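The values are calculated or read from the model by the stated rules, or taken from the named source; none is laboratory data. Everything numeric here is computed off the predicted structure, so don't read it as measured data. Note: ideal-geometry Cβ built from the backbone for every residue, glycine included; neighbour counts use all protein chains shown. Quick note on the areas: whole protein, heavy atoms, side chains included, nothing else; ligands and nucleic acids left out. Shrake-Rupley method; radii C 1.70, N 1.55, O 1.52, S 1.80 Å.
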Amino acid sequence: MSVACGFECVVVLGCMRWVWKRCTYIGNDDSATWPPATYDEFEPIPRLCRTILAVYEDDLHNPKFPPEGGYRLNPNWVVKRVAYRETLGNAPPYLIYLDHEHHEIVVAIRGLNLVKESDYKVLMDNKLGKQMFDGGYVHHGLLKAAIWMLNKESETLKRHWVENGKSYRMIFVGHSLGSGVASLLTIIVANHGDRLGGIPRSLLRCYAVAPARCMSLNLAVKYADVIHSVVLQDDFLPRTPTPLEDIFKSVFCLPCLLFLVCLRDTFIPEGRKLRDPRRLYAPGRMYHVVERRFCRCGRFPPDVRTAIPVDGRFEHIVLSCNATSDHGIIWIQRESEKALARLKEATSAEAPTAPPPVQKIVRQHTLEKEHKKALERAVTLNIPHAVPTDTDEELSVHKEEESARGVTETASLIEDASTSTSHSTDARTNWNDVVEKLFAQDETGKLTLNKEASCSTE
(Lines give C-alpha, C1' and ligand atoms only; values in the text may rest on other atoms or scores of the structure.)
Protein backbone atom coordinates (compact mmCIF):
# COMPACT_ATOMS: atom_id res chain seq x y z
CA MET A 1 0.00 0.00 0.00
CA SER A 2 2.78 2.38 0.98
CA VAL A 3 4.62 1.57 -2.28
CA ALA A 4 1.51 2.40 -4.33
CA CYS A 5 1.02 5.66 -2.46
CA GLY A 6 4.66 6.58 -3.01
CA PHE A 7 4.34 5.83 -6.73
CA GLU A 8 1.21 7.99 -6.96
CA CYS A 9 3.00 10.85 -5.22
CA VAL A 10 5.88 10.63 -7.67
CA VAL A 11 3.47 10.68 -10.64
CA VAL A 12 1.51 13.62 -9.23
CA LEU A 13 4.70 15.59 -8.51
CA GLY A 14 5.98 14.83 -12.02
CA CYS A 15 2.74 16.06 -13.58
CA MET A 16 2.75 19.18 -11.41
CA ARG A 17 6.35 19.90 -12.42
CA TRP A 18 5.48 19.50 -16.10
CA VAL A 19 2.42 21.78 -15.78
CA TRP A 20 4.50 24.38 -13.93
CA LYS A 21 7.28 24.35 -16.53
CA ARG A 22 4.87 24.56 -19.46
CA CYS A 23 2.68 27.26 -17.95
CA THR A 24 5.63 29.41 -16.89
CA TYR A 25 7.47 29.05 -20.20
CA ILE A 26 7.18 32.30 -22.13
CA GLY A 27 8.38 33.48 -25.52
CA ASN A 28 11.08 35.54 -23.83
CA ASP A 29 12.87 32.30 -22.85
CA ASP A 30 13.51 31.26 -26.47
CA SER A 31 16.01 34.05 -27.04
CA ALA A 32 17.20 34.77 -23.50
CA THR A 33 20.84 34.12 -24.43
CA TRP A 34 20.82 35.86 -27.82
CA PRO A 35 22.70 39.13 -28.40
CA PRO A 36 20.76 42.32 -29.24
CA ALA A 37 20.25 43.37 -32.84
CA THR A 38 21.68 46.62 -34.17
CA TYR A 39 19.80 49.53 -35.65
CA ASP A 40 21.26 49.12 -39.14
CA GLU A 41 20.30 45.45 -39.55
CA PHE A 42 16.79 45.89 -38.13
CA GLU A 43 16.01 49.17 -39.94
CA PRO A 44 14.37 47.64 -43.07
CA ILE A 45 11.89 45.49 -41.13
CA PRO A 46 9.23 48.08 -40.09
CA ARG A 47 9.39 49.62 -43.56
CA LEU A 48 8.89 46.23 -45.24
CA CYS A 49 6.02 45.40 -42.86
CA ARG A 50 4.29 48.53 -44.15
CA THR A 51 4.90 47.34 -47.71
CA ILE A 52 3.20 44.02 -46.88
CA LEU A 53 0.24 45.92 -45.43
CA ALA A 54 0.05 47.92 -48.68
CA VAL A 55 -0.76 44.68 -50.55
CA TYR A 56 -4.12 44.66 -48.76
CA GLU A 57 -5.09 48.08 -50.19
CA ASP A 58 -6.97 48.44 -53.46
CA ASP A 59 -5.74 51.99 -54.09
CA LEU A 60 -2.60 53.35 -52.44
CA HIS A 61 -3.49 56.88 -53.58
CA ASN A 62 -6.59 56.65 -51.36
CA PRO A 63 -5.78 54.03 -48.69
CA LYS A 64 -8.58 52.80 -46.46
CA PHE A 65 -6.60 51.16 -43.68
CA PRO A 66 -3.25 52.95 -43.36
CA PRO A 67 -1.06 52.18 -40.32
CA GLU A 68 -0.10 54.93 -37.92
CA GLY A 69 2.04 57.38 -39.86
CA GLY A 70 0.80 56.03 -43.20
CA TYR A 71 2.44 53.60 -45.58
CA ARG A 72 5.19 56.08 -46.47
CA LEU A 73 5.35 54.64 -49.97
CA ASN A 74 5.29 56.48 -53.28
CA PRO A 75 2.32 55.00 -55.18
CA ASN A 76 3.97 55.99 -58.46
CA TRP A 77 6.83 53.58 -57.74
CA VAL A 78 4.51 50.57 -57.60
CA VAL A 79 5.46 48.48 -60.63
CA LYS A 80 2.70 45.89 -60.38
CA ARG A 81 -0.11 44.72 -58.12
CA VAL A 82 -1.37 41.17 -58.55
CA ALA A 83 -4.68 40.20 -56.93
CA TYR A 84 -6.42 36.84 -56.49
CA ARG A 85 -8.18 37.09 -59.85
CA GLU A 86 -4.77 37.19 -61.55
CA THR A 87 -2.95 34.57 -59.48
CA LEU A 88 -5.77 32.08 -60.20
CA GLY A 89 -5.08 30.34 -56.91
CA ASN A 90 -1.45 29.60 -57.71
CA ALA A 91 0.03 32.05 -55.18
CA PRO A 92 -1.07 34.72 -52.68
CA PRO A 93 -1.52 38.31 -53.94
CA TYR A 94 1.66 40.36 -54.10
CA LEU A 95 3.08 43.74 -54.98
CA ILE A 96 6.29 44.76 -56.77
CA TYR A 97 7.65 48.09 -55.55
CA LEU A 98 10.63 49.97 -56.94
CA ASP A 99 12.06 51.82 -53.93
CA HIS A 100 14.40 54.43 -55.40
CA GLU A 101 14.97 56.01 -51.99
CA HIS A 102 16.56 52.85 -50.55
CA HIS A 103 17.73 51.40 -53.90
CA GLU A 104 15.62 48.25 -53.58
CA ILE A 105 13.29 46.17 -55.72
CA VAL A 106 10.73 44.80 -53.26
CA VAL A 107 8.41 41.86 -53.85
CA ALA A 108 5.88 41.87 -50.98
CA ILE A 109 3.54 38.87 -50.52
CA ARG A 110 0.50 38.91 -48.27
CA GLY A 111 -0.40 36.32 -45.68
CA LEU A 112 -3.13 33.69 -45.50
CA ASN A 113 -6.69 34.76 -46.31
CA LEU A 114 -8.97 32.61 -44.17
CA VAL A 115 -11.88 32.91 -46.62
CA LYS A 116 -9.94 32.01 -49.78
CA GLU A 117 -9.96 28.34 -50.76
CA SER A 118 -6.97 28.89 -53.04
CA ASP A 119 -4.73 29.73 -50.06
CA TYR A 120 -5.75 26.50 -48.35
CA LYS A 121 -5.00 24.65 -51.57
CA VAL A 122 -1.40 25.95 -51.48
CA LEU A 123 -1.07 25.02 -47.80
CA MET A 124 -2.45 21.53 -48.11
CA ASP A 125 -0.41 20.56 -51.16
CA ASN A 126 2.20 18.86 -49.01
CA LYS A 127 3.04 15.75 -47.04
CA LEU A 128 5.94 15.18 -44.66
CA GLY A 129 9.00 14.40 -46.79
CA LYS A 130 7.14 14.92 -50.09
CA GLN A 131 9.44 17.54 -51.63
CA MET A 132 13.23 17.37 -51.60
CA PHE A 133 15.08 20.44 -52.85
CA ASP A 134 18.70 21.65 -52.79
CA GLY A 135 19.83 18.91 -50.41
CA GLY A 136 16.96 19.28 -47.94
CA TYR A 137 13.18 19.18 -47.69
CA VAL A 138 10.76 22.02 -48.35
CA HIS A 139 7.01 22.56 -48.37
CA HIS A 140 5.77 21.33 -51.75
CA GLY A 141 2.84 23.75 -52.20
CA LEU A 142 4.91 26.80 -51.23
CA LEU A 143 7.67 25.76 -53.65
CA LYS A 144 5.13 25.46 -56.49
CA ALA A 145 3.81 28.95 -55.64
CA ALA A 146 7.37 30.34 -55.72
CA ILE A 147 8.06 28.76 -59.12
CA TRP A 148 4.78 30.11 -60.48
CA MET A 149 5.69 33.64 -59.36
CA LEU A 150 9.12 33.40 -60.97
CA ASN A 151 7.61 32.16 -64.22
CA LYS A 152 5.32 35.18 -64.20
CA GLU A 153 7.59 37.93 -62.86
CA SER A 154 11.22 36.98 -63.54
CA GLU A 155 11.40 39.11 -66.69
CA THR A 156 9.91 42.10 -64.85
CA LEU A 157 12.40 41.78 -62.00
CA LYS A 158 15.32 41.26 -64.39
CA ARG A 159 14.37 44.29 -66.50
CA HIS A 160 14.10 46.68 -63.55
CA TRP A 161 17.30 45.42 -61.97
CA VAL A 162 19.25 45.92 -65.20
CA GLU A 163 17.62 49.31 -65.94
CA ASN A 164 18.72 50.59 -62.52
CA GLY A 165 22.37 49.85 -63.08
CA LYS A 166 22.43 46.36 -61.56
CA SER A 167 23.02 47.99 -58.19
CA TYR A 168 19.62 47.72 -56.48
CA ARG A 169 19.07 45.06 -53.85
CA MET A 170 16.29 42.56 -54.56
CA ILE A 171 14.10 42.06 -51.49
CA PHE A 172 11.54 39.27 -51.11
CA VAL A 173 9.28 39.81 -48.10
CA GLY A 174 6.17 37.98 -46.96
CA HIS A 175 3.94 37.40 -43.96
CA SER A 176 2.74 33.98 -42.74
CA LEU A 177 1.87 32.01 -45.90
CA GLY A 178 3.68 34.63 -47.96
CA SER A 179 6.83 34.26 -45.85
CA GLY A 180 7.22 30.66 -46.99
CA VAL A 181 6.79 31.64 -50.64
CA ALA A 182 9.29 34.51 -50.25
CA SER A 183 11.86 32.24 -48.57
CA LEU A 184 11.73 29.63 -51.31
CA LEU A 185 11.81 32.34 -53.98
CA THR A 186 15.06 33.53 -52.43
CA ILE A 187 16.63 30.08 -52.43
CA ILE A 188 15.81 29.55 -56.11
CA VAL A 189 17.14 32.97 -57.14
CA ALA A 190 20.26 32.51 -54.98
CA ASN A 191 21.01 29.33 -56.99
CA HIS A 192 20.05 30.79 -60.37
CA GLY A 193 20.91 34.51 -60.19
CA ASP A 194 22.22 34.33 -63.74
CA ARG A 195 18.62 33.90 -64.94
CA LEU A 196 17.78 37.33 -63.45
CA GLY A 197 20.57 39.23 -65.13
CA GLY A 198 23.38 37.85 -62.98
CA ILE A 199 22.27 39.29 -59.65
CA PRO A 200 24.81 38.23 -56.98
CA ARG A 201 23.88 36.60 -53.69
CA SER A 202 25.14 39.68 -51.83
CA LEU A 203 22.28 41.77 -53.30
CA LEU A 204 19.56 39.28 -52.36
CA ARG A 205 17.58 39.51 -49.12
CA CYS A 206 14.46 37.86 -47.77
CA TYR A 207 12.47 38.93 -44.72
CA ALA A 208 10.05 36.26 -43.50
CA VAL A 209 7.62 37.97 -41.11
CA ALA A 210 5.81 35.58 -38.74
CA PRO A 211 7.55 32.79 -40.68
CA ALA A 212 6.03 29.50 -41.64
CA ARG A 213 8.04 26.31 -41.16
CA CYS A 214 8.89 25.71 -44.80
CA MET A 215 12.37 24.11 -45.02
CA SER A 216 14.53 21.53 -43.28
CA LEU A 217 17.11 22.59 -40.69
CA ASN A 218 20.14 22.28 -42.97
CA LEU A 219 18.59 24.70 -45.49
CA ALA A 220 17.42 27.08 -42.73
CA VAL A 221 21.03 27.41 -41.53
CA LYS A 222 22.65 27.34 -44.97
CA TYR A 223 20.69 30.35 -46.22
CA ALA A 224 20.83 32.36 -42.97
CA ASP A 225 23.01 34.95 -44.70
CA VAL A 226 20.20 35.96 -47.07
CA ILE A 227 16.98 34.95 -45.25
CA HIS A 228 15.92 36.76 -42.08
CA SER A 229 12.89 35.71 -40.02
CA VAL A 230 11.02 38.09 -37.72
CA VAL A 231 9.08 36.63 -34.77
CA LEU A 232 6.97 38.65 -32.33
CA GLN A 233 7.14 37.26 -28.76
CA ASP A 234 4.75 34.26 -28.52
CA ASP A 235 3.79 33.78 -32.20
CA PHE A 236 2.55 30.21 -32.60
CA LEU A 237 3.43 29.53 -36.26
CA PRO A 238 7.27 29.35 -36.15
CA ARG A 239 7.00 27.17 -33.03
CA THR A 240 4.47 24.65 -34.32
CA PRO A 241 6.11 21.57 -35.89
CA THR A 242 2.70 20.30 -36.96
CA PRO A 243 2.46 20.56 -40.78
CA LEU A 244 0.92 23.81 -42.01
CA GLU A 245 -1.97 22.02 -43.61
CA ASP A 246 -2.98 20.47 -40.26
CA ILE A 247 -2.66 23.80 -38.44
CA PHE A 248 -5.08 25.61 -40.67
CA LYS A 249 -7.47 22.68 -40.88
CA SER A 250 -7.81 23.20 -37.12
CA VAL A 251 -7.67 27.00 -37.17
CA PHE A 252 -10.97 27.38 -35.32
CA CYS A 253 -9.86 25.11 -32.46
CA LEU A 254 -6.25 26.25 -32.58
CA PRO A 255 -5.71 26.52 -28.77
CA CYS A 256 -6.67 22.85 -28.38
CA LEU A 257 -4.29 21.86 -31.18
CA LEU A 258 -1.42 23.86 -29.67
CA PHE A 259 -1.95 22.22 -26.27
CA LEU A 260 -1.96 18.72 -27.78
CA VAL A 261 1.17 19.46 -29.83
CA CYS A 262 2.84 20.81 -26.69
CA LEU A 263 1.94 17.63 -24.80
CA ARG A 264 3.14 15.36 -27.60
CA ASP A 265 6.48 17.12 -28.06
CA THR A 266 7.26 16.70 -24.36
CA PHE A 267 7.94 13.02 -25.02
CA ILE A 268 10.03 13.47 -28.19
CA PRO A 269 13.78 13.70 -27.44
CA GLU A 270 15.57 16.76 -28.82
CA GLY A 271 18.11 14.58 -30.66
CA ARG A 272 15.37 12.72 -32.48
CA LYS A 273 13.87 15.99 -33.69
CA LEU A 274 17.20 17.24 -35.00
CA ARG A 275 17.97 13.99 -36.84
CA ASP A 276 14.67 13.94 -38.71
CA PRO A 277 15.58 15.32 -42.18
CA ARG A 278 11.91 15.87 -43.08
CA ARG A 279 11.12 18.11 -40.10
CA LEU A 280 10.58 21.68 -41.28
CA TYR A 281 11.75 24.85 -39.53
CA ALA A 282 11.43 28.61 -39.74
CA PRO A 283 14.10 29.82 -42.19
CA GLY A 284 17.33 31.74 -41.80
CA ARG A 285 18.58 34.16 -39.16
CA MET A 286 16.02 34.88 -36.44
CA TYR A 287 15.02 38.29 -35.10
CA HIS A 288 12.92 37.95 -31.94
CA VAL A 289 10.94 40.99 -30.81
CA VAL A 290 10.28 40.64 -27.06
CA GLU A 291 7.81 42.91 -25.28
CA ARG A 292 6.38 40.95 -22.31
CA ARG A 293 7.93 39.58 -19.14
CA PHE A 294 6.98 36.73 -16.81
CA CYS A 295 4.32 37.64 -14.23
CA ARG A 296 4.14 41.20 -15.61
CA CYS A 297 1.00 42.83 -17.00
CA GLY A 298 0.92 44.79 -20.24
CA ARG A 299 3.49 45.35 -22.93
CA PHE A 300 6.96 46.71 -22.21
CA PRO A 301 9.20 48.66 -24.62
CA PRO A 302 10.23 45.97 -27.10
CA ASP A 303 13.74 44.56 -27.37
CA VAL A 304 15.14 42.83 -30.45
CA ARG A 305 17.48 39.84 -30.22
CA THR A 306 19.08 37.99 -33.08
CA ALA A 307 20.92 34.72 -33.68
CA ILE A 308 21.19 31.73 -36.01
CA PRO A 309 20.09 28.96 -33.64
CA VAL A 310 20.54 25.34 -34.63
CA ASP A 311 19.28 23.42 -31.61
CA GLY A 312 16.55 25.14 -29.61
CA ARG A 313 15.18 26.87 -32.71
CA PHE A 314 11.74 27.89 -31.41
CA GLU A 315 10.96 24.29 -30.50
CA HIS A 316 8.59 24.94 -27.58
CA ILE A 317 4.94 25.91 -27.89
CA VAL A 318 4.10 28.90 -25.67
CA LEU A 319 0.77 28.49 -23.89
CA SER A 320 -0.18 32.14 -24.13
CA CYS A 321 -3.33 34.09 -24.87
CA ASN A 322 -1.20 36.16 -27.24
CA ALA A 323 0.01 33.22 -29.34
CA THR A 324 -2.39 34.08 -32.18
CA SER A 325 -2.48 37.88 -31.86
CA ASP A 326 1.34 38.00 -32.04
CA HIS A 327 1.02 36.44 -35.49
CA GLY A 328 -0.87 39.44 -36.89
CA ILE A 329 1.03 41.67 -39.31
CA ILE A 330 -0.52 44.80 -37.77
CA TRP A 331 0.88 44.05 -34.32
CA ILE A 332 4.25 43.07 -35.75
CA GLN A 333 4.45 46.34 -37.67
CA ARG A 334 3.56 48.40 -34.60
CA GLU A 335 5.99 46.69 -32.26
CA SER A 336 8.80 46.68 -34.80
CA GLU A 337 8.36 50.45 -35.21
CA LYS A 338 8.70 50.87 -31.45
CA ALA A 339 11.70 48.54 -31.33
CA LEU A 340 13.43 50.47 -34.11
CA ALA A 341 12.83 53.75 -32.30
CA ARG A 342 14.44 52.27 -29.17
CA LEU A 343 17.43 51.03 -31.15
CA LYS A 344 17.83 54.47 -32.70
CA GLU A 345 17.76 56.13 -29.29
CA ALA A 346 20.32 53.68 -27.94
CA THR A 347 22.57 54.24 -30.94
CA SER A 348 22.42 58.02 -30.68
CA ALA A 349 22.94 57.94 -26.89
CA GLU A 350 26.13 55.91 -27.11
CA ALA A 351 29.34 57.80 -27.73
CA PRO A 352 30.71 56.41 -31.00
CA THR A 353 34.08 54.71 -30.61
CA ALA A 354 34.59 54.36 -34.34
CA PRO A 355 33.25 55.99 -37.50
CA PRO A 356 29.92 54.47 -38.66
CA PRO A 357 31.37 52.84 -41.82
CA VAL A 358 33.93 51.01 -39.68
CA GLN A 359 31.22 49.87 -37.28
CA LYS A 360 29.16 48.48 -40.19
CA ILE A 361 32.14 46.54 -41.51
CA VAL A 362 32.84 45.08 -38.06
CA ARG A 363 29.18 44.10 -37.66
CA GLN A 364 29.19 42.47 -41.11
CA HIS A 365 32.19 40.38 -40.13
CA THR A 366 30.40 39.41 -36.91
CA LEU A 367 27.35 38.24 -38.86
CA GLU A 368 29.55 36.19 -41.17
CA LYS A 369 31.27 34.56 -38.19
CA GLU A 370 27.88 33.72 -36.63
CA HIS A 371 26.80 32.07 -39.86
CA LYS A 372 30.02 30.05 -40.02
CA LYS A 373 29.60 28.91 -36.40
CA ALA A 374 25.99 27.91 -37.08
CA LEU A 375 27.11 25.78 -40.04
CA GLU A 376 29.78 24.15 -37.87
CA ARG A 377 27.22 23.54 -35.12
CA ALA A 378 24.87 21.85 -37.60
CA VAL A 379 27.67 19.49 -38.69
CA THR A 380 28.63 18.79 -35.06
CA LEU A 381 25.03 17.83 -34.23
CA ASN A 382 24.91 15.52 -37.27
CA ILE A 383 22.06 17.44 -38.87
CA PRO A 384 21.10 15.49 -42.04
CA HIS A 385 22.59 17.02 -45.22
CA ALA A 386 24.35 19.80 -43.26
CA VAL A 387 27.04 21.56 -45.32
CA PRO A 388 30.58 21.60 -43.82
CA THR A 389 32.05 25.08 -43.37
CA ASP A 390 35.02 24.61 -45.69
CA THR A 391 32.78 23.29 -48.47
CA ASP A 392 30.38 26.18 -48.01
CA GLU A 393 33.22 28.69 -48.24
CA GLU A 394 34.49 27.08 -51.44
CA LEU A 395 31.01 27.21 -52.91
CA SER A 396 30.65 30.89 -51.95
CA VAL A 397 33.92 31.75 -53.67
CA HIS A 398 32.82 29.79 -56.72
CA LYS A 399 29.51 31.68 -56.79
CA GLU A 400 31.21 35.08 -56.69
CA GLU A 401 33.62 34.12 -59.49
CA GLU A 402 30.80 32.85 -61.69
CA SER A 403 28.69 35.95 -61.05
CA ALA A 404 31.61 38.21 -61.97
CA ARG A 405 32.11 36.45 -65.30
CA GLY A 406 28.37 36.51 -65.95
CA VAL A 407 28.55 32.91 -67.20
CA THR A 408 27.93 29.85 -65.07
CA GLU A 409 27.74 26.17 -65.66
CA THR A 410 24.07 26.47 -64.78
CA ALA A 411 23.51 28.50 -67.91
CA SER A 412 24.72 25.66 -70.13
CA LEU A 413 22.87 23.13 -67.98
CA ILE A 414 19.54 24.85 -68.50
CA GLU A 415 20.07 26.49 -71.87
CA ASP A 416 17.06 24.67 -73.28
CA ALA A 417 14.82 25.82 -70.40
CA SER A 418 13.65 28.95 -72.23
CA THR A 419 10.13 28.79 -73.58
CA SER A 420 7.36 31.09 -74.56
CA THR A 421 4.41 31.54 -72.21
CA SER A 422 0.80 32.47 -72.88
CA HIS A 423 1.50 35.99 -71.58
CA SER A 424 4.33 36.82 -73.98
CA THR A 425 5.88 35.69 -77.24
CA ASP A 426 9.41 36.49 -76.01
CA ALA A 427 11.72 33.71 -74.89
CA ARG A 428 11.57 33.44 -71.11
CA THR A 429 13.00 31.13 -68.50
CA ASN A 430 10.72 28.27 -67.49
CA TRP A 431 11.47 28.03 -63.79
CA ASN A 432 9.86 24.61 -63.53
CA ASP A 433 12.60 23.27 -65.80
CA VAL A 434 15.27 25.21 -63.92
CA VAL A 435 14.24 23.69 -60.59
CA GLU A 436 13.92 20.23 -62.10
CA LYS A 437 17.61 20.41 -63.05
CA LEU A 438 18.42 20.19 -59.33
CA PHE A 439 16.88 16.72 -59.21
CA ALA A 440 17.43 13.25 -60.62
CA GLN A 441 15.24 10.17 -60.42
CA ASP A 442 16.49 7.22 -58.38
CA GLU A 443 15.72 3.55 -59.06
CA THR A 444 12.35 3.82 -57.35
CA GLY A 445 11.35 6.79 -59.49
CA LYS A 446 11.54 9.32 -56.64
CA LEU A 447 13.13 12.73 -57.15
CA THR A 448 16.49 13.09 -55.39
CA LEU A 449 19.05 15.85 -55.41
CA ASN A 450 21.21 15.91 -58.52
CA LYS A 451 24.54 16.52 -56.77
CA GLU A 452 26.40 17.29 -59.98
CA ALA A 453 23.87 19.90 -61.03
CA SER A 454 23.66 21.33 -57.52
CA CYS A 455 27.41 21.83 -57.31
CA SER A 456 27.49 23.53 -60.70
CA THR A 457 24.71 25.93 -59.71
CA GLU A 458 26.36 26.78 -56.45
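Assuming Leu48 fulfils every condition listed in (1) modelled with pLDDT under 95; (2) closer than 27 Å to Lys369 by Cβ apart from one, which condition is it?
(1)
Answer yes or no: is there a residue in the stretch 283-292 that is surrounded by fewer than 17 Cβ atoms within 10 Å (Cβ to Cβ), modelled with pLDDT under 85 and not β-branched (Val, Ile, Thr).
As a first pass, look at the stretch 283-292 and keep what is surrounded by fewer than 17 Cβ atoms within 10 Å (Cβ to Cβ): none.
No: zero hits.
Taking the condition of being open to solvent by 10 Å² or more (accessible area, probe 1.4 Å) and in a strand (DSSP E or B), how many residues in the stretch 121-168 meet it?
Of the residues in that region, 3 qualify.
Would you check if Ile105 is modelled with pLDDT of 95 or more and crowded, with 21+ Cβ neighbours inside 10 Å? I'd like the intermediate steps shown before the answer.
Details: modelled with pLDDT of 95 or more: yes; crowded, with 21+ Cβ neighbours inside 10 Å: yes.
So Ile105 fits the description; yes.
Show the residue pairs that are 6+ apart or on different chains and have beta-carbon atoms under 6 Å apart, the first residue being within the stretch 79-90 and closer than 17 Å to Ala108 by Cβ, the second being open to solvent by less than 30 Å² (accessible area, probe 1.4 Å) and modelled with pLDDT of 95 or more.
So the pair list comes out as Val79/Ile96; Val79/Leu98; Lys80/Ile96; Arg81/Leu95; Val82/Pro93; Val82/Tyr94; Ala83/Pro93; Tyr84/Pro93.
Output the residues belonging to the stretch 55-82 that are hydrophobic (A, V, I, L, M, F, W, C) and open to solvent by 90 Å² or more (accessible area, probe 1.4 Å). Don't jump to the end; show me each part of the working.
Start the filter on the stretch 55-82 by keeping residues that are hydrophobic (A, V, I, L, M, F, W, C), which leaves 55, 60, 65, 73, 77-79, 82.
Listed by number, the list holds a single entry, Phe65.
I'd like the full set of residues that are open to solvent by less than 10 Å² (accessible area, probe 1.4 Å), hydrophobic (A, V, I, L, M, F, W, C) and within 21 Å of Asp59 (Cβ to Cβ), limited to the stretch 83-102.
Leu95, Ile96, listed by residue number.
Out of the stretch 77-104, which residues are under 24 Å from Leu203 (Cα atoms) and out of contact with any strand residue (DSSP E or B) (no Cβ under 9 Å at 6 or more places or on another chain)?
Passing the criteria: His100, Glu101.
Can you tell me which residue within the stretch 349-367, out of those that are open to solvent by 90 Å² or more (accessible area, probe 1.4 Å) and part of a helix (DSSP H, G or I), is modelled with the lowest pLDDT? Can you show your working first?
The first filter runs over the stretch 349-367 and keeps only residues open to solvent by 90 Å² or more (accessible area, probe 1.4 Å), leaving 350, 352-353, 360-361, 365.
Right, trim to part of a helix (DSSP H, G or I) and you get 360-361, 365.
On the way: Lys360: 69, Ile361: 72, His365: 79.
The selected residue is Lys360.
Kindly indicate whether any position in the stretch 100-113 is small (Gly, Ala, Ser) and in a loop (DSSP other than H, G, I, E, B).
Start the filter on the stretch 100-113 by keeping residues that are small (Gly, Ala, Ser), which leaves 108, 111.
In the following step, the residues that additionally are in a loop (DSSP other than H, G, I, E, B) were identified as 111.
Yes, the stretch 100-113 contains at least one residue that is small (Gly, Ala, Ser) and in a loop (DSSP other than H, G, I, E, B).
Can you tell me which residue is modelled with the highest pLDDT among those in the stretch 122-159 that are in contact with a Pro (Cβ under 7 Å, 6 or more places away or on another chain) and more than 28 Å from Leu203 (Cβ to Cβ)?
So, considering only residues that are in contact with a Pro (Cβ under 7 Å, 6 or more places away or on another chain) and more than 28 Å from Leu203 (Cβ to Cβ), the one modelled with the highest pLDDT is Asn126.
Inside the stretch 51-66, can you point out the residues that are out of contact with any helix residue (DSSP H, G or I) (no Cβ under 6 Å at 6 or more places or on another chain) and more than 18 Å from Leu177 (Cβ to Cβ)?
Within the stretch 51-66, Glu57, Asp58, Asp59, Asn62, Pro63, Lys64, Phe65, Pro66 meet the criteria.
Quick check: is even one residue across the stretch 76-91 under 18 Å from the mean Cα position of the chain (by Cα) and hydroxyl-bearing (Ser, Thr, Tyr)? Walk me through how you get there before you give the answer.
Taking the stretch 76-91 first, the residues under 18 Å from the mean Cα position of the chain (by Cα) are 91.
Subset that is hydroxyl-bearing (Ser, Thr, Tyr): none.
No, the conditions are met nowhere in the stretch 76-91.
Name the residues in the stretch 177-231 that are assigned to a strand (DSSP E or B) and surrounded by fewer than 24 Cβ atoms within 10 Å (Cβ to Cβ), would you? Quick ask: steps written out before the conclusion?
If we filter the stretch 177-231 for residues that are assigned to a strand (DSSP E or B), which is where we start, we get 204-209, 215-216, 227-231.
Residues satisfying the conditions are Leu204, Arg205.
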